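Following: one structure in structure tokens, then a few remarks.
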Amino acid sequence: MIAAVRPGSIAAELGVEPGDILTAVNGEPVPDLIVYRYQCAVENLEVAIEKAGGERWLLEIEKDYDDDLGLEFTAPTFDGLRRCGNKCLFCFVDQMPPGLRAGLYVKDDDYRYSFLHGNFITLTNLKPRDWDYILRWHLSPLYISVHTTNPELRRRMLGHPQGGAINDQLEKLAAAGIQMHTQVVLCPGINDGGELERTVKDLGRLFPAVQSIAVVPVGLTDRRESLFPLRRVTPNEAAAIVDWIAAWQDGFRRRYGRGLVYGADELYLLAGRPLPPAPCYDDFPQTENGIGLARLFLDSFTATLAAVNRRQVAWPRVAIATGTLAAPLLEEVIARVRQKVDGLAVRVVPVTNHFFGPPVTAAGLLTGQDLLAGLGDAAAWVQEKNGIILLPDVMLKRDAPVFLDDLTPDDLAVALGVPVHMAPATGEGMVEGLGLA
């Protein structure tokens with residue numbers, strides 16, 4: 001289904017309209033945006049359209065190689081979403097309480113979303129036709145949740161009989177020249193220690209096909225009734241893991257010129273260790289997985305602040321809300337601003353997550369209700385001087401201004417009685433949000 005046609009585009013000039021159905025390009029069915037883009041990347045093509053009234057058109061088009069037809073679709077996959085068939089011991093969706101929007105409970109495991117958007121997949125639901133598709137269209141890179149290269153352990157962790165095929169699958173992708181970014185969700189007592197050592201070594205042997213290995217601590221909420229007993233990574237364990245990662249990186253750099261394995265920011269913050277400098281992250285291959293975001297934030301903040309000439313902030317008072325894990329880091333950068341800007345009245349407010357449970361510390365998992373509960377005193381302080389509340393935009397849905405529980409920044413502003421501003425969750429965004437740039 002065609003959702004929109006850009007004005008002035010090739011498709012608009014030919015009379016294609018929203019509601020029409022794209023049935024084929026160059027005689028081939030088009031199951032998703034990937035095939036559509038590949039098939040349209042030629043100068044001469046035939047596009048089959050079914051009009052809303054049932055009339056069938058065959059459009060013969062001559063265009064420049066890089067010209068786009070101007071069609072937009074309701075979703076990147078036109079034949080549905082490949083769902084997850086695993087029963088992972090650590091699945092975050094299984095730990096979510098009711099009451100959130102329906103889309104958050106969808107378990108996707110679609111290799112096309114991995115290629116298009118960097119979603120992590122497990123490869124357990126691939127049929128022969130899926131492998132043919134991946135290899136034919138050379139979907140590279142793919143983002144793969146490995147967790148362990150021990151076949152029997154992976155079957156148990158994923159709760160899927162195909163989970164143990166991971167080594168053969170990775171080698172098949174590597175042989176086809178497909179690059180991979182991999183992750184290990186670390187569950188203490190299960191896939192850490194010697195198992196983690198084995199996994200990192202096995203994945204390292206597949207370089208350069210394997211371009212990155214992320215080690216991420218398991219995320220657990222307080223809603224784990226009747227689920228497999230898991231525990232969180234302790235600060236001492238986090239310290240040991242970051243030491244191992246540093247040693248592994250040294251070895252990989254000597255062999256490959258690349259660190260290859262990277263620890264989640266949460267591990268360094270939990271361990272109370274300084275974040276590695278930017279070169280340790282190479283080209284920052286997994287920022288959306290929480291790898292190196294804090295370092296990028298700090299470096300961006302430092303560079304942006306250095307260019308600031310103003311001696312006063314735009315707002316008399318600002319309360320910045322964040323998760324409890326990042327609050328000390330944010331306090332550190334605000335202290336730098338105080339040294340440079342006169343009369344800075346900024347309060348960092350660590351907000352406890354009551355919806356998922358206090359041990360969930362990420363700012364991006366705070367709900368609107370959590371923010372209302374945690375910002376009451378700060379809102380009163382801000383209101384005394386007509387200030388603002390500043391929130392990082394990672395708290396919002398990517399394509400809409402809503403929090404996890406569908407409250408909006410406007411809802412918060414009304415309930416708290418003060419303006420609520422959103423800022424990009426970058427160092428530059430924070431400086432701009434304070435009115436300094």
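The values are calculated or read from the model by the stated rules, or taken from the named source; none is laboratory data. It should be emphasised that the depicted structure is a prediction, and the values quoted were computed from it without experimental measurement. Using ideal geometry, Cβ is built from the backbone for each residue, glycine included, and neighbour counts are taken over all protein chains shown.
The set of residues in region 63-116 being part of a helix (DSSP H, G or I) and not aromatic (Phe, Trp, Tyr) consists of Val93, Asp94, Gln95, Ala102, Gly103, Leu104, Arg112, Ser114, Leu116. In summary, Ser9 fulfils each of the numbered conditions (1) touching a residue at least 60 places away in the same chain (Cβ under 8 Å); (2) exposed (fewer than 12 other Cβ atoms within 10 Å of the Cβ) with the single exception of condition (2).
Picking from Val341, Val348, Val333, which residue would you name as being farther than 16 Å from Ile388 by Cα and within 26 Å of the chain's Cα centre (by Cα)?
Val333
In the set (1) hydrophobic (A, V, I, L, M, F, W, C); (2) at pLDDT below 95; (3) closer than 29 Å to Ala11 by Cα; (4) within 26 Å of the chain's Cα centre (by Cα), Ala52 fails one condition alone, (4). The residues listed here are Val394, Val348; of these, the one that is in a helix (DSSP H, G or I), β-branched (Val, Ile, Thr) and in contact (Cβ under 8 Å) with a residue 24 or more places away in the chain is Val394.
Residue-wise test of (1) over 21 Å from Phe355 (Cβ atoms); (2) of a type in the set (S, T, N, Q); (3) out of contact with any Ser or Thr (no Cβ under 9 Å at 6 or more places or on another chain); (4) modelled with pLDDT under 95.
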{"residue": "Arg198", "(1), (2), (3), (4)": "yes, no, no, no"}
{"residue": "Leu203", "(1), (2), (3), (4)": "yes, no, no, no"}
{"residue": "Val210", "(1), (2), (3), (4)": "yes, no, no, no"}
{"residue": "Gly219", "(1), (2), (3), (4)": "no, no, yes, yes"}
{"residue": "Arg223", "(1), (2), (3), (4)": "no, no, yes, yes"}
{"residue": "Pro229", "(1), (2), (3), (4)": "yes, no, yes, yes"}
{"residue": "Pro235", "(1), (2), (3), (4)": "yes, no, yes, no"}
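The set of residues from region 81-95 being buried (at least 17 other Cβ atoms within 10 Å of the Cβ) and either closer than 17 Å to Val185 by Cα or modelled with pLDDT under 90 (or both) comprises Cys84, Asn86, Cys88, Leu89, Phe90, Cys91, Phe92, Asp94, Gln95.
Taking first residues from region 243-271 that are in the same structural domain as Leu329 (by TED's automatic domain parsing) and assigned to a helix (DSSP H, G or I) and partners that are surrounded by 15 or more Cβ atoms within 10 Å (Cβ to Cβ) and polar (S, T, N, Q), no Cβ contact under 9 Å between residues at least 6 apart in sequence or on separate chains turns up. Take the conditions (1) within 30 Å of Gly118 (Cα to Cα); (2) surrounded by fewer than 18 Cβ atoms within 10 Å (Cβ to Cβ); Trp57 misses just one of them, which is (1).
Within region 279-287, one or more residues are within 17 Å of the chain's Cα centre (by Cα), touching a residue at least 40 places away in the same chain (Cβ under 8 Å) and closer than 30 Å to His117 by Cα.
Each row is one residue, and each column tells you yes or no for (1) assigned to a helix (DSSP H, G or I); (2) over 25 Å from the mean Cα position of the chain (by Cα).
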residue	(1), (2)
Thr124	no, no
Arg129	yes, yes
Gln162	yes, yes
Leu170	yes, no
Gly189	no, yes
Leu196	yes, no
Ile213	no, no
Glu225	no, yes
Pro229	no, yes
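How many of the residues in region 127-155 are in contact (Cβ under 8 Å) with a residue 24 or more places away in the chain, surrounded by 17 or more Cβ atoms within 10 Å (Cβ to Cβ) and in contact with a helix residue (DSSP H, G or I) (Cβ under 8 Å, 6 or more places away or on another chain)? So the answer is 12. None of Pro285, Pro279 is part of a loop (DSSP other than H, G, I, E, B) and in the same structural domain as Arg254 (by TED's automatic domain parsing) except Pro285. Which one is farthest from Leu139 (Cα to Cα), of the residues in region 31-62 that are among the acidic types (Asp, Glu) and part of a loop (DSSP other than H, G, I, E, B)? Among residues in region 31-62 that are among the acidic types (Asp, Glu) and part of a loop (DSSP other than H, G, I, E, B), the one farthest from Leu139 (Cα to Cα) is Glu55.
Can you tell me which of Asp109, Asp168 is in contact with a Cys (Cβ under 8 Å, 6 or more places away or on another chain) and either assigned by TED's automatic domain parsing to the domain that holds Ile34 or farther than 26 Å from Tyr268 by Cβ (or both)?
It is Asp109.
Among the residues making up region 351-377, those that are aliphatic (A, V, I, L, M) and either surrounded by fewer than 15 Cβ atoms within 10 Å (Cβ to Cβ) or not in a strand (DSSP E or B) (or both) are Val360, Ala362, Ala363, Leu365, Leu366, Leu371, Leu372, Ala373, Leu375. The residue list Val47, Val42 contains one member that is loosely packed, with under 14 Cβ neighbours inside 10 Å and of a type in the set (Val, Ile, Thr), which is Val42. Looking only at residues of region 274-326 that are crowded, with 19+ Cβ neighbours inside 10 Å and of a type in the set (D, E, K, R), we find that the one that is farthest from Val215 (Cα to Cα) is Arg317.
With respect to the stated conditions, Leu139 fails to be closer than 30 Å to Phe403 by Cα and either modelled with pLDDT under 95 or not in a helix (DSSP H, G or I) (or both).
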